[in-house]
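For reference, the structure discussed in these notes is given below.
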Amino acid sequence: MKYMRTASFAKLVEALGRDYDIYAPVQEEERLLLQRLVPGENGGGASVAWNPARLGESLKPIWFQTSRVVSRWTAEGPEAGPTPRPRAIIGAKGCDLAALGIIDKVFRDHTFQEPGWCAAREQNLVISGDCTTCLDSCFCTMVGHAPHPEAHFDLNLSPLEGGFGVEVGSPKGEALVADHADLFEEAGGEQVAARDAARAEMTERVEAQNEPHAVRDPFAQSIEKHKSNRLWEALAATCVQCNACNMVCPTCHCFFLVDVAGEEGSSRLSCWDSCFEGGYARMAGGGTPRLQLVERFKNHYHHKFVSFPKNWGVTACSGCGRCIDACMGRIDKRACLHRLETEWLPSDTLQGVQ
Amino acid sequence: MKNPFVPVPAVLEAVIDETPTIKTFCLKPAEPIPFRAGQFVQLEVPGLGEAPFTPSSSPFEPDRMEITILKTGLVTNRLHELEAGVTLGIRGPFGKGYPIHRFEDQTVLVIGGGVGLAPLRSLLFHLFHEPEACGNVSIKYGSREPAEMCFKRQHASWGERPGVDFTPTIDRPAEGWDGHVGLVTTLLDDLDLDREKTYAVSCGPEVMLRFVTWKLLDVGFPPERIYLSMNRNMSCGMGICGRCNVGSYYLCKDGPDMCYADIKDVPYALG
């Protein structure tokens with residue numbers, strides 16, 4: 001582990017501006033917001049705030065824009081869409097980065113690659129940080145993750161007296177440290193111990209606050225045993241299909257392709273989509289396989305906790321809890337998973353396959 | 001790797017009127033697009049959008065591609081207005097295609113409904129081109145009325161092939177029709193086929209697939225021997241955009257032809 005003083009961190013951020021568009025948490029009155037740093041407008045490195053927990057919005061758009069031109073068709077014929085400039089993201093947390101690993105399974109480590117995602121994963125720089133507090137909705141430990149980054153960062157910062165412990169997570173991170181050797185020093189054993197103790201304490205805090213939601217069975221088992229819709233209808237009762245949970249989720253990655261005609265030809269855009277939308281799976285001719293909201297609600301859980309693990313070996317949830325904060329129907333995913341395990345209706349087995 | 005969102009331009013060389021609502025589009029792609037029978041492509045009308053179709057032509061002729069299309073939505077309505085000479089886009093092929101490797105020495109029972117005969121024609125071209133790929137071929141084809149039958153010009157030659165029988169049916173009696181009348185499922189009542197040596201392959205509207213499946217199960221076919229060309233909204237074609245799932249499967253990647261044994265426990269798999 002390295003050690004970097006707080007003042008050195010600001011210098012490092014300033015230096016990054018040469019190669020990257022920098023996105024970092026900035027204090028805006030009461031709130032911490034992810035902003036692009038524009039020198040002269042919202043300051044440089046000194047304006048970056050430490051975010052003690054994950055930010056309100058997901059960092060997913062840094063790699064996977066809400067809409068992106070994936071191809072164009074001009075007078076010269078079809079061609080690939082543009083690649084955005086490299087971005088440096090500061091303030092990512094363990095749940096944000098666990099989510100990158102989850103989407104990688106689909107968009108990168110697969111027969112087909114999503115070119116925009118792969119380019120962004122390759123060229124973007126991640127400076128992440130340990131959580132130093134947890135929000136009420138945080139439940140990373142329930143889904144096998146931790147309140148500190150475990151992978152997918154270039155540098156990770158752990159707050160210590162007067163600065164940060166710095167863990168290098170990639171060759172890109174190594175090069176960055178080498179290029180700015182004057183900003184880093186070797187960390188001592190006490191500093192490593194202090195970091196580890198803080199991490200252990202944070203992990204315990206997240207586990208303790210989720211004790212009421214603790215489950216014993218695998219999520220997939222709890223979800224699959226409910227063959228009828230009775231409990232699902234109760235869980236979905238306050239869902240107003242606003243799609244917020246999908247939009248703030250760092251692991252949701254559904255998109256649709258839409259062609260837009262312009263003066264110089266047409267562009268094909270990939271746009272975020274939501275599995276709660278009635279028209280999400282509608283086919284030409286009007287048929288839709290999940291007409292009722294309860295079916296779409298169930299499909300959302302089935303995808304995250306049954307299909308995705310079956311197909312990719314991991315759960316499609318990093319436990320960030322943003323879906324809980326964003327839900328205007330006050331639906332808490334942890335509570336739903338708990339009820340799915342504990343409220344087993346005997347009639348479920350009788351209804352069988354629908 | 002090639003960017004999977006960028007289509008290959010393809011010139012529309014001819015349009016064949018199959019029925020009042022179905023046309024076959026004969027395309028010449030800028031580069032050959034090799035595909036297996038049952039795989040699908042995304043056909044694009046530049047500036048409007050794209051939609052998934054399984055080619056109806058022979059997989060052994062990748063230089064040209066025929067796609068037979070029912071007029072039923074935004075893209076297909078525009079396609080039906082097009083004339084030869086325009087350039088369209090093709091992405092793909094996607095999906096797995098028919099399990100032809102299982103058909104050796106087996107009878108293949110081909111059950112089509114309406115425009116559902118289109119992907120099956122590609123399969124037939126494969127089986128006719130490589131007769132050793134399977135045993136006998138029995139084709140059952142249902143349409144609403146005689147005017148709505150696809151590929152009428154080829155029916156007679158199919159039925160005359162050794163080891164091949166072709167039986168068409170229409171839903172309701174019609175003037176001038178002296179063939180079988182009744183839904184395509186009525187052709188499955190008295191099948192003289194060994195259930196343990198036959199694979200059933202079906203393509204058509206979802207409601208037809210449902211009743212065909214029930215009928216096949218009724219007459220003794222094991223779920224493992226029933227294959228269905230299923231319908232879902234497929235956008236990316238690569239199993240990454242999310243919408244075409246049937247349980248844990250993505251039709252665009254794991255299908256669109258699915259073994260009934262794999263999907264029978266998925267709620268609403270067949271509507």
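Taking the Cα centre of the stretch B:8-94 as the origin, how large is its charge dipole in debye, to the nearest 20, when only Lys and Arg (+1) and Asp and Glu (-1) carry charge on their Cβ atoms?
Working: 7 positive and 11 negative charges, 42 e Å.
The dipole magnitude comes to about 200 debye.
Using DSSP to call loops (not H, G, I, E or B), can you name the chymotrypsin sites (Phe, Trp or Tyr not before Pro) in the stretch A:260-324 whose Cβ has at most 15 other Cβ atoms within 10 angstrom?
Filter output for the stretch A:260-324: empty list.
How high is the FRET efficiency between A:D217 and A:R5 when r is their beta carbon distance and R₀ equals 56 Å, given to the nearest 0.05?
According to the calculation, E is roughly 0.70.
Could you tell me the center-to-center distance, by alpha carbons, between the stretch A:97-127 and the stretch A:1-76 in angstrom?
The distance from the Cα centre of the stretch A:97-127 to that of the stretch A:1-76 comes to 18 Å.
If neighbour count is taken as other Cβ atoms inside 10 Å, put B:V212, A:V26 in order from fewest to most. Write out the running numbers ahead of the final one.
Working: B:V212 27, A:V26 19.
With the fewest neighbours first, B:V212, A:V26 line up as A:V26, B:V212.
Charges only on Cβ, +1 for Lys and Arg, -1 for Asp and Glu: so what's the dipole of chain A about the Cα centre, in debye to the nearest 20?
Once rounded to the nearest 20, the dipole reads 1140 debye.
Please order A:E343, B:E66, B:E132 by the number of other Cβ within 10 Å, starting at the fewest.
If I rank by nearby Cβ atoms, fewest first, I get B:E132, A:E343, B:E66.
Determine the dipole magnitude for the stretch A:210-354: charges of +1 sit on the beta-carbon of Lys and Arg, -1 on that of Asp and Glu, nothing else is charged, the reference point is the Cα centre, and the result goes in debye to the nearest 20. Mind dumping the intermediate values first?
On the way: 16 positive and 15 negative charges, 78 e Å.
Roughly 380 debye, rounded to the nearest 20.
Where in the stretch A:5-44 are there GluC sites (Glu not before Pro) that are in a DSSP coil and have at most 13 other Cβ atoms within 10 angstrom of their Cβ?
Sites meeting the loop and neighbour criteria: A:E29, A:E30, A:E41.
Sort chain A into rounded, prolate or oblate with this rule: let a ≥ b ≥ c be the square roots of the eigenvalues of the Cα gyration tensor; rounded if a/c is under 1.5, and if a/c is not under 1.5, prolate when a/b is larger than b/c, oblate otherwise.
oblate
Cross-link candidates for A:K60: which lysines have Cα within less than 21 Å, leaving aside residues fewer than 8 places away along the same chain?
Within the straight-line cut-off, A:K60 pairs with A:K93, A:K105, A:K172, A:K304, A:K333.
Taking a ≥ b ≥ c as the square roots of the eigenvalues of the Cα gyration tensor of the stretch B:74-206, is the shape rounded (a/c under 1.5), prolate (a/b larger than b/c) or oblate? Let's see the in-between values first.
On the way: a/c = 1.92, a/b = 1.17, b/c = 1.64.
Verdict is oblate for the stretch B:74-206.
Using only Cα atoms, find the angle between the long axis of helix B:206-218 and the longest principal axis of chain B, and express it within 0 to 90 degrees, rounded to the nearest 10.
Helix B:206-218 and the main axis of chain B meet at about 30 degrees.
Sort B:K215, A:K310, A:K93 by Cβ crowding within 10 Å, fewest neighbours at the top.
Going from sparsest to densest Cβ surroundings: A:K310, B:K215, A:K93.
Of A:P82, A:A200, A:G129, which is farthest on the positive side of the dipole of chain A, counting Cα position, with +1 on Lys and Arg Cβ, -1 on Asp and Glu Cβ, and the Cα centre as origin?
A:P82
Which trypsin sites (Lys or Arg not before Pro) in the stretch A:1-89 pass both tests, a DSSP loop state and at most 11 other beta-carbon atoms within 10 Å?
Passing sites in the stretch A:1-89 are A:R18.
Over its Cα atoms, what ratio of radius of gyration to 2.2 N^0.38 Å does the stretch B:22-151 give?
1.08
If I measure Cβ to Cβ between cysteines in chain B, which ones have no partner under 4.7 Å?
Unpaired cysteines in chain B: B:C26, B:C134, B:C150, B:C203, B:C244, B:C252, B:C259.
Mind giving me the FRET efficiency for B:E196 and B:K264? R0 is 22 Å, r the Cβ-Cβ distance, nearest 0.05 is fine.
Working: r = 19 Å, r/R0 = 0.84.
Once rounded, the FRET efficiency stands at 0.75.
Over the protein assembly as shown, consider all pairs of different Cα atoms and compute the Kirkwood hydrodynamic radius from their mean reciprocal separation; express it in Å, one decimal.
Working: mean 1/r = 0.0369 Å⁻¹.
For the protein assembly as shown, inverting the mean 1/r across all distinct Cα pairs yields 27.1 Å.
Rounded, prolate or oblate: which fits the stretch B:8-94, taking a ≥ b ≥ c as square roots of the Cα gyration tensor eigenvalues, rounded meaning a/c under 1.5, else prolate when a/b beats b/c?
It is rounded, given that a/c, with a ≥ b ≥ c, falls under 1.5.
Read-outs: derived from the displayed coordinates by stated rules, not from any lab. No experiment lies behind these values; they were computed from the predicted model shown. Here Cβ is always computed from backbone atoms with ideal geometry, including for glycine, and neighbour counts include all displayed protein chains.
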